[in-house]
1. Which of the residues belonging to the range B:64-106 are more than 14 Å from the chain's Cα centre (by Cα), away from chain A (no Cβ under 14 Å) and assigned to a loop (DSSP other than H, G, I, E, B)?
2. Looking at A:369, A:358, A:423, A:415 in this structure, which one is assigned to a loop (DSSP other than H, G, I, E, B) and either within 49 Å of the chain's Cα centre (by Cα) or away from chain B (no Cβ under 14 Å) (or both)?
3. Looking at (1) assigned to a helix (DSSP H, G or I); (2) within 11 Å of chain B (Cβ to nearest Cβ); (3) in contact (Cβ under 8 Å) with a residue 60 or more places away in the chain, find the lone condition where residue A:485 falls short.
4. Looking at (1) surrounded by 16 or more Cβ atoms within 10 Å (Cβ to Cβ); (2) assigned to a loop (DSSP other than H, G, I, E, B), can you tell me which one residue A:387 breaks?
5. Residue check, residue A:872 against (1) out of contact with any strand residue (DSSP E or B) (no Cβ under 9 Å at 6 or more places or on another chain); (2) buried (at least 17 other Cβ atoms within 10 Å of the Cβ), all met but one. Which one?
6. Any residue at all in the range A:494-501 that is within 14 Å of chain B (Cβ to nearest Cβ), surrounded by fewer than 15 Cβ atoms within 10 Å (Cβ to Cβ) and at positive phi?
7. Tell me yes or no: at least one residue of the range B:19-31 is within 30 Å of residue A:480 (Cβ to Cβ), part of a loop (DSSP other than H, G, I, E, B), within 14 Å of chain A (Cβ to nearest Cβ) and in contact with a strand residue (DSSP E or B) (Cβ under 6 Å, 6 or more places away or on another chain).
8. Are any of the residues in the range A:511-519 at pLDDT below 85 and either more than 56 Å from the chain's Cα centre (by Cα) or surrounded by fewer than 18 Cβ atoms within 10 Å (Cβ to Cβ) (or both)?
């Protein structure tokens, strides 16, 4: 950079000057041309003036000579000859007959005559001795006087002067009028002659030619102008031409300059590149050195791999000639490497085999894809072997195929094992199918004779003819009972077989667990009649909804309760449904009996088939011994599990776990009882404060009034309520609370029971009797809450103090209605959409609809709904696809989805939906009420799950 | 007295049904579907009790032919079968049977209830 700058600076003035010249060449040429024109014009003018003068002089001298010659000739040849003959010679010859003019007179007249010509020249004759008759015979002006004097002194030299006569340039040319022989005689003799002593050679006077130059000047000037104009025209033409040429030259110069600049830049760039490439070359050399050593390492590794792995490896070129092979292949072939290289398959294998190999190679090369196959071969000894072959096309650096590489190894053993396995599997599947067929046939064939056994014994038992003895009837009864037992056995064995063969399908619907329990209890009531057993159902007052297979769940409950009844002689059998306090979701169903109990060591096996606690129990208590096995299998099918706790002599508790706590407690006792597969708990009830399913919170604008006389309690409650997202107001007494409630119109009020002056009971009473306040939900929070549960009528809930976060927030979630929800209904059937909208009419929600998944996705982009109601079968994007998309999208994966479909679901689909939706409803089956229950639950759940710890 | 056609290949079962229903119904029994289809044409019954596992033409085929017959197509048909595994009831109802009674018949009353139930339902439509 530095050197280049310097160089430029040195050549700058010269270059600038040249550039100036080049840039202004036309202007300079114009100036030069103008100057030339001026000089030429001036010169021409000078020349023309001179020319004019010379011409005028010549012309005047010629005239003067001519006139002098004429007078001399006239004088000598005419006057001298006629005079002797008495012819008068006079100045007034016109008035006298026979007279001729004097030479001077004739000369004057000739001059006058000439003056009238084009040249305009006048001729004057004058003398200092003029004849008296001459009017203007003497010198008239300074010139004439000067001319007379000058010519007298030098008569041979004409005297002339350039003058301006009446503003016209004029030549006055005077020559001496010298006396000749004839003249002297005549003049000296003439009577009027003022002088009579003239001698020959005397200067008599002056002959002057007054020659105006005007016409000559004018002619010359016009010629000059033409010349100048011509020259100017030519000059301009020349200039224009020059301008063009210079313009072109300049263009070329500019172009050249650019070219030079570009070339310079290029050069500079190239230099830089060169430097860079030099640098990178050095780097490359370094890298190459390193790569080379890495290559050596890698080659060593490659070599060790190729030679020591238990694989055969070879390479061939495009002509099928071996180019490399590892030692193993060489020894297998029995040919050393050097003997192998350059040979083809035809040199080592039978023609058909070689042709096959070559064909394989060709295919690999043509498709440029690896082929990975297991080939069957026969050894020369006729033993079948299997070889796993991977053939890969080889390419050079440009990607052009250069050959093929093959790796192969013997997989005969594996192949045989696989074949055996496949055969075994096929056999097993066939056996399974045969088993199913056998089961169905057996079922049918066993039932047919049982039909007769049970049917006929039944008829005989009626003893319609009245001829049977009691003893006969008791035998018939034994036949009847055993026939039925046999039928039970058959049914249960078949069910179990079916479950184990995974042929049992799950049909999901929305079930109210409380109702189901009551139904089962009613069914089994007959069994406790006349027995010392109380059958108790302990279920929550409100509906406990569950997405499940009703028939199978019923069977499980019947089995468990039936079992409990069977092994309980007196006391009670209680069925208890436990729900999550926050979500009202069913958590488990327990069957608690006061029966004989099960010894700890037997707990391990009671779920196995035909394993009652004691071998004798079957005989004593009846039953097939399959009930628990089937129950466990069914509950696993539904995603539940059965746990058992028991104390011999005091009873057992069978617990059907419907979903797990977030952190399930593992009990050693339950270790044999495994949860069905690795299924997650049903997601409908998986929401809790730890859950990642954070839902939109819409309770910010809700106001909760806390009425409590204890400052600490107020602070704690306020904190919890605020944590939930609501606004809080506090009152320290019942009176103040009432007053504030009237002013603030809170959305919910919590009230302590034990307060001075106005107690919580009084507050409740006051609220319920005030029409303005009676609709505000009141929650009692008290240390004596449980004891007063019955007497706090009108409170929506009762909380035990100290109030736990979970309990309070559950109450808030249940009680406070969200401000506004958006529900998106996705269904292609318009009737279905209309129906759903009707069902949703009561909801404080905005309902939006979409025809298919694609449109629904657009709707999601507009606003995220709080709930999606989704059909599965739709044109365009179906419900499953839509669900998969939104569950993968972080923005929507928490949005609860309820599927409403007419589709019959496979167990697989039902499981998938249970994992990703809140509920699945059959279109034909579901009732408006179920639907509302679900919505209410979801909305509550939404709020309870919104709570997260700070 | 309602006229009932029983199609049942097992003679014991035919006898049992005769004992159970014979006094209260006009019961006609056939051994096979073909015989029943031929015999029923003369006097169409009020109800058909149809066994499924029949030799030659099985119960589902008999039902199909009954339904295809202009005169017999409307007669209610109850499947009376020992195919009583889980799902069988649903399967036969889906095939178009009006009722399903599994064998063994545990109680005479159950059978009578099922029959009168189907007849009532048919009458009301």
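The values are calculated or read from the model by the stated rules, or taken from the named source; none is laboratory data. Being a predicted model, the structure only gives us computed values, none of them experimental. Positions of Cβ are generated from backbone atoms using ideal geometry, with glycine treated the same way; all protein chains shown enter the neighbour counts.
1. Correct list: B:69, B:70, B:71.
2. A:369
3. Of (1) assigned to a helix (DSSP H, G or I); (2) within 11 Å of chain B (Cβ to nearest Cβ); (3) in contact (Cβ under 8 Å) with a residue 60 or more places away in the chain, only one is false for residue A:485: (2).
4. The number of the failed condition is (2).
5. Of everything listed in (1) out of contact with any strand residue (DSSP E or B) (no Cβ under 9 Å at 6 or more places or on another chain); (2) buried (at least 17 other Cβ atoms within 10 Å of the Cβ), residue A:872 misses just condition (1).
6. No, that holds for no residue.
7. Scanning the range B:19-31 turns up no residue that is within 30 Å of residue A:480 (Cβ to Cβ), part of a loop (DSSP other than H, G, I, E, B), within 14 Å of chain A (Cβ to nearest Cβ) and in contact with a strand residue (DSSP E or B) (Cβ under 6 Å, 6 or more places away or on another chain).
8. no
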